[in-house]
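Visitor: Got a structure for you, questions after.
The values are calculated or read from the model by the stated rules, or taken from the named source; none is laboratory data. Everything quoted here is computed from the prediction, not taken from an experiment. Methodologically, a virtual Cβ is constructed for each residue, glycine included, from the backbone with ideal geometry; neighbour enumeration extends over all protein chains shown. Heavy atoms of the whole protein, side chains included, go into the accessibility calculation; ligands, DNA and RNA do not. Shrake-Rupley method; radii C 1.70, N 1.55, O 1.52, S 1.80 Å.
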Amino acid sequence: MSKQTLSFQAEVAQLLHLVTHSLYSNPEIFLRELVSNASDACDKLRFEGLNNAALFEDAPNLEVRVGFDKEAKTITITDNGIGMSQAEAVEHLGTIAKSGTKDFMSHLSGDQKKDAQLIGQFGVGFYSGFIVADKITVESRRAGLPAAEGVRWTSGGTGEFEVETIERAARGTTITLHLRDDAGEYLSHWKLKSLITKYSDHISLPILMQKEAWDAEKSEYVTQDEWEAANSANALWARSKKDISDEQYADFYKNISYDQEAPLAWSHNRVEGSTEYTQLLYIPAKAPMDLWNRDRKAGIKLYVRRVFIMDEAEALMPSYLRWVKGVVDSADLPLNVSRELLQESRDVKAIREGNTRRVLAMLEDLAKKDVAPKAEEGADGVTDVLSEDEKAAAEKDAGKYSAFYAEFGAVLKEGLGEDFANREKIARLLRFASTTTDAVSVSLADYKARMKEGQAAIYYITADSIAAAKNSPQLEVFKKKGIEVLLMADRVDEWAVSHLHDFDGTPLQSVAKGAVDLGTLQDEEEKKAAEAAAESFKPMLDKLKEALKDKAQDVRVTTRLVDSAACLVVGEGDLSNQLARMLKAAGQQAPASKPILEVNAEHPLVKKLETSAHFDDLAHILFDQALLAEGGLPENPAEYVKRVNALLV
């Protein structure tokens with residue numbers, strides 16, 4: 001039997017140090033992680049066994065066994081799943097892929113409880129055993145290999161581990177934890193069983209423990225030879241909703257998501273028709289750290305007739321709902337379905353559409369209940385009083401949609417460009433700040449309901465921040481006339497709104513694109529005054545166009561400015577200056593285009609142009625100040641400073 005000593009990968013050594021020195025505040029997670037790994041090993045065997053039944057050998061019934069030995073101070077977790085060869089033991093237990101430890105280490109917050117939750121999320125759950133153990137022994141044999149090719153892996157959690165070839169008749173893996181002196185509380189049948197019930201009750205495999213019986217002579221519980229299931233061994237989603245408590249739903253979510261917080265909402269349904277499936281979908285309370293990584297796979301687990309098929313089946317959920325967690329169990333898909341087949345299957349398309357409708361319906365329900373109803377006096381003078389139960393229910397859901405939107409609102413907007421069929425539903429779920437409130441709470445329906453008589457469009461402006469949008473010169477005439485403007489400051493807004501041309505028949509109009517046209521909201525006298533100013537100012541406009549021909553595509557008089565001298569706008573079909581800057585910052589090439597400079601003919605600085613001996617300098621300063629006001633920078637900052645200084649002395 002060959003035996004060799006190897007060193008851990010550097011990142012694993014770091015992780016082991018962290019586990020043994022920092023993540024001790026929530027030690028019980030070790031059992032959750034190791035039982036979960038054992039269950040995964042059984043699922044993998046079940047999947048590979050679809051095409052090779054010989055892998056089951058003489059043990060077709062898959063199970064996990066948990067035991068302990070008080071005298072030896074050990075806990076043992078055994079599964080008869082896929083097992084490992086010696087090469088796999090070295091690879092899986094001695095090194096970690098790039099998506100594992102490195103990412104785990106980079107996301108640590110310093111909060112022990114939160115950091116402990118990350119262990120399973122990044123695929124390094126095995127090492128949680130070292131929270132309670134000072135030595136771990138793993139014995140395994142891969143399904144299909146001869147008994148002589150078993151492997152024993154041993155480590156004390158320091159910088160090295162040993163591997164050797166052993167004789168092992170049984171397929172699968174046995175992990176033995178040699179407990180630390182301060183972990184003796186886990187050498188208890190009651191303690192281990194309670195942890196299995198708490199964390200692993202949903203696992204569809206039986207998790208077996210030896211029965212205990214009271215021995216009157218010894219005045220203690222004695223372990224018997226008979227084994228019994230410590231979990232219900234029944235998939236939670238397969239049970240009737242009336243038999244599942246809110247606490248069980250929340251616990252199941254925490255198990256599949258590695259999130260310590262309860263979800264905001266969930267939906268559990270059995271769908272029947274041309275395609276039959278069960279869906280259990282959750283809306284998380286907090287966004288994952290990699291939410292903006294569009295390459296991350298969705299969090300939906302796929303089962304077929306309760307047989308686990310794959311984690312993160314991205315075909316079951318559109319990209320803009322990639323934050324949804326849950327399970328889909330199909331009655332129609334083949335057991336040997338692949339990711340490639342998922343993309344082409346009609347059944348999968350139906351499931352995806354059903355999941356999307358269900359999630360949007362949950363969000364619509366949360367949005368309706370976001371503000372708790374108040375008792376109101378009716379037309380007959382009688383006040384409708386809410387019952388205590390109604391008050392409690394209303395208060396329970398109040399604020400949930402606002403909390404959701406603060407975490408996921410920006411990514412939800414991606415749906416405007418990705419999901420044409422549900423664009424109207426998504427539009428109703430969007431919320432914005434506006435010139436009437438800095439809170440991101442105004443829906444398009446709210447805005448439309450309070451539009452001024454004669455207002456023909458829903459006005460909005462995009463900027464780098466709410467403050468920048470709120471103080472933009474382009475809003476001056478709207479503020480003067482009391483016209484509400486939506487303020488959009490998410491990076492995705494410009495792209496998303498370009499796919500939403502109207503809402504309930506009312507067009508959306510950027511106040512920074514094209515000439516301002518307030519229609520009937522602008523009286524005839526104002527229009528005539530503007531036309532007269534443009535005519536009388538024409539010679540000056542021509543001089544400005546010549547001076548700024550390299551910077552501006554046009555210069556024109558505007559009525560949108562009240563206090564500012566000038567502002568920049570773009571043509572109706574052009575890329576906004578903000579989006580162009582974002583593309584440039586991201587290293588992408590933005591289409592070449594020049595903005596339009598609009599000037600306020602009544603402003604003292606603009607009037608000074610006519611008599612100034614420094615016309616060109618003033619013209620360039622006017623343009624650069626307009627650029628600064630919208631969050632941009634002059635092309636040549638040093639030249640701008642030089643011009644301003646020259647006029648100051």
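Visitor: On the accessible surface of the chain, probed at 1.4 Å, how many percent belong to carbon and sulfur atoms? The partial results should precede the final answer.
Guide: On the way: 15420 of 31690 Å².
Roughly 49 percent of what the probe reaches on the chain is carbon or sulfur.
Visitor: Pull out the extension gain between Ser240 and Asn51, defined as 0.36 nm times the separation in residues minus the alpha carbon to alpha carbon distance; nm, one decimal.
Guide: Gain on extension, Ser240 to Asn51, equals 64.8 nm.
Visitor: How tilted is helix 637-648 with respect to the longest principal axis of the chain? Cα atoms for both, answer in degrees (0 to 90, nearest 10).
Guide: The angle comes out at about 40 degrees.
Visitor: Let me ask something additional. State in Å² the accessible area per residue of the chain; use a 1.4 Å probe, count heavy atoms of protein chains only, and round to the nearest integer. It would help to have the intermediate numbers written out before the result.
Guide: Working: 31690 Å² over 649 residues.
Averaged over the residues of the chain, the accessible area is 49 Å².
Visitor: Leaving ligands and nucleic acids out of the surface, order Thr611, Thr558 by accessible area at 1.4 Å, largest first.
Guide: Largest accessible area first, the list is Thr611, Thr558.
Visitor: Here's something else I'd like to know. Using a 1.4 Å probe on the protein heavy atoms only, what accessible surface does Arg357 show? Give it in Å² to the nearest 10.
Guide: Using a 1.4 Å probe on the heavy atoms, I get roughly 120 Å².
Visitor: While we're looking at this one, here's another question. How big is the charge dipole of the stretch 531-571 about its Cα centre, in debye rounded to the nearest 20, if each Lys and Arg gets +1 on its Cβ and each Asp and Glu gets -1 on its Cβ?
Guide: Values: 7 positive and 7 negative charges, 21 e Å.
Dipole about the Cα centre, nearest 20: 100 debye.
Visitor: Compute, for the chain, the length of the dipole vector about the Cα centre, with Cβ point charges of +1 (Lys, Arg) and -1 (Asp, Glu) only. Units Debye, rounded to 20.
Guide: It works out to roughly 940 debye.
Visitor: Do the sum for the chain: with -39,500 (n - 2.57) for every DSSP H run of n ≥ 4, divided by all residues, what is the mean residue ellipticity at 222 nm, to the nearest 500 deg cm²/dmol?
Guide: -10500 deg cm²/dmol
Visitor: Shifting gears a bit: How far apart, in nm, are the 7 Å Cα→Cβ label points at Lys218 and Thr165?
Guide: Reported label-point gap for Lys218 and Thr165 is 4.1 nm.
Visitor: Using amide H atoms built 1.01 Å from N in the peptide plane, name the residues 5+ places from Lys325, or on other chains, whose amide H lies under 5 Å from its own.
Guide: Those lying under 5 Å, H to H, from Lys325 are Tyr282.
Visitor: Work out how much length Asn471 to Ala13 would gain on full extension: take 0.36 nm times their residue separation and subtract the Cα-Cα distance, in nm to one decimal.
Guide: Length gained between Asn471 and Ala13: 159.6 nm.
Visitor: Could you give each residue of the stretch 154-166 its phi-based ³J(HN,Hα) in whole Hz, using Karplus coefficients 6.51, -1.76, 1.60 with θ = phi - 60°, and x for Gly or Pro?
Guide: Karplus-based 3J(HN,Hα) across the stretch 154-166 equals 9, 8, x, x, 9, x, 9, 9, 10, 10, 8, 7, 9 Hz.
Visitor: A follow-up question, please. Considering the dipole of the chain built from charges on the beta carbon (Lys and Arg +1, Asp and Glu -1) around the Cα centre, which of Val35, Ser612, Pro507 is farthest to its positive end?
Guide: Ser612
Visitor: Using a simple spin-label model with points 7 Å from Cα along the Cα→Cβ vector, what separation in nm is obtained for Asp504 and Arg305?
Guide: That separation, rounded to one decimal, is 4.9 nm.
Visitor: Given axes a ≥ b ≥ c from the Cα gyration tensor, I'd like to know whether the chain is rounded (a/c under 1.5), prolate (a/b larger than b/c) or oblate.
Guide: Details: a/c = 2.82, a/b = 2.10, b/c = 1.34.
Since a/c reaches 1.5 and a/b is larger than b/c, the shape of the chain is classed as prolate.
Visitor: Here is a follow-up. Pairs to check: Lys369/Lys425; Lys254/Lys301; Lys594/Lys642. Give those whose C-alpha atoms are more than 19 Å from each other in this structure.
Guide: Where the Cα-Cα span goes over 19 Å, the pairs concerned are Lys594/Lys642.
Visitor: I want to check the label-to-label distance for Ser441 and Asp182. Put each point 7 Å from Cα in the C-beta direction and report it in nm to one decimal.
Guide: Distance between label points: 4.7 nm.
Visitor: Once you've got the Cα coordinates, tell me which of Lys470/Lys543; Lys479/Lys543; Lys551/Lys608; Lys70/Lys211; Lys551/Lys607; Lys44/Lys73 are over 25 Å apart. Mind dumping the intermediate values first?
Guide: Working: Lys470/Lys543 32 Å; Lys479/Lys543 31 Å; Lys551/Lys608 21 Å; Lys70/Lys211 15 Å; Lys551/Lys607 21 Å; Lys44/Lys73 31 Å.
Violating the 25 Å limit, Cα to Cα: Lys470/Lys543; Lys479/Lys543; Lys44/Lys73.
Visitor: How high is the FRET efficiency between Ala421 and Arg450 when r is their beta carbon distance and R₀ equals 22 Å, given to the nearest 0.05?
Guide: FRET efficiency, Ala421 to Arg450: 0.15.
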